[in-house]
Amino acid sequence: MAQKETASKGLKLTDILITIVIAAVFGVIYRIWGPMYDILKPIGLHAEQLSYGMWFMAATFAFLVIRKPGVALLAEVAAATIEALFGGSWGVSTLVYGILQGLGAEIIFALFLYRRVNVGVTVLAALASAILSLFVDQYYGYIDQLTLWNYFLFIGLRLLGSALIAGVFAYYLTGALARTGVLNLVRPVSKKDYEALG
């Protein structure tokens, strides 16, 4: 995938609709992914945190497809809403997670002016989503009783899972889709594309 892409400012109706479709797919995936968290939990040592990155992937994947301001936040909030509507395990707090997770990714993409698109930036966006999700965990009291070493293990595994799933995997999945030509249907035609037509 190209290292730099110019994002045309402003979301068009088609961008919003495509983002919502991506979010809908991830909302269902999020709901299906829930048992993975439960399967890993009995292993102990916070192994379930390695699966957490999947819940940040709507933001990074949608941005990699659309590459416009607001897409990461919109995708993550919409996916969280759909997950909640399908009876997700965390109820209304899912929406709070969605807002903060989407905001985390959005901030990173904004820092790079929505133009730099590479695996490093995508990993940073995934990590920002993970970090903001920890504030919700702290607020709801999910992690305030952990000992210091346990707390660092919890955070470290969540960050690792996020970097791998919502960062590296999302980036290379989008690249694989781009090579098939599927993403040409949702991205604007470039000058190079016009020149190729002769």
### Task
Keeping all protein chains in place, calculate the accessible area per residue for segment 45-115 (probe 1.4 angstrom), answer in Å².
33 Å²
#### Entry: Kirkwood Rh (inverse of mean 1/r, distinct Cα pairs), segment 28-152, angstrom
14.9 Å
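Once you have the Cα-Cα distance between F86 and A110, take 0.36 nm times their residue separation minus that, and quote the gain in nm to one decimal. Show your work: numbers first, answer last.
Details: separation 24, 0.36 × 24 = 8.64 nm, distance 3.10 nm.
Extending this stretch completely gives an extra 5.5 nm.
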### I16 versus I29: modelled label distance in nm, points set 7 Å from Cα along the beta carbon direction
2.4 nm
### Task
Take each of the peptides 156-165, 10-19, 94-103, 175-184, average the number of other beta-carbon atoms within 10 Å over its residues, and list them starting from the highest.
94-103, 156-165, 10-19, 175-184
### Query
Which whole-Hz couplings ³J(HN,Hα) result when phi for each residue of segment 95-103 is put into the Karplus expression 6.51 cos²θ - 1.76 cosθ + 1.60, θ = phi - 60°, listed in order with x for Gly and Pro?
5, 5, 4, x, 4, 5, 5, x, 5
### Which of M54, M36 is most accessible, then next, and so on - probe 1.4 Å
M36, M54
### Task
May I ask you to give the percent of accessible area on segment 50-157 that is carbon plus sulfur, with a probe radius of 1.4 Å?
74 percent
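The values are calculated or read from the model by the stated rules, or taken from the named source; none is laboratory data. Since the structure is predicted, the reported quantities are computational estimates derived from the model, not experimental observations. We place every Cβ from the backbone using ideal geometry, glycine too, and count neighbours over all the protein chains shown. Ligands, DNA and RNA are stripped out before the accessible areas are found, and what is left, the full protein with its side chains, is counted by its heavy atoms. Shrake-Rupley method; radii C 1.70, N 1.55, O 1.52, S 1.80 Å.
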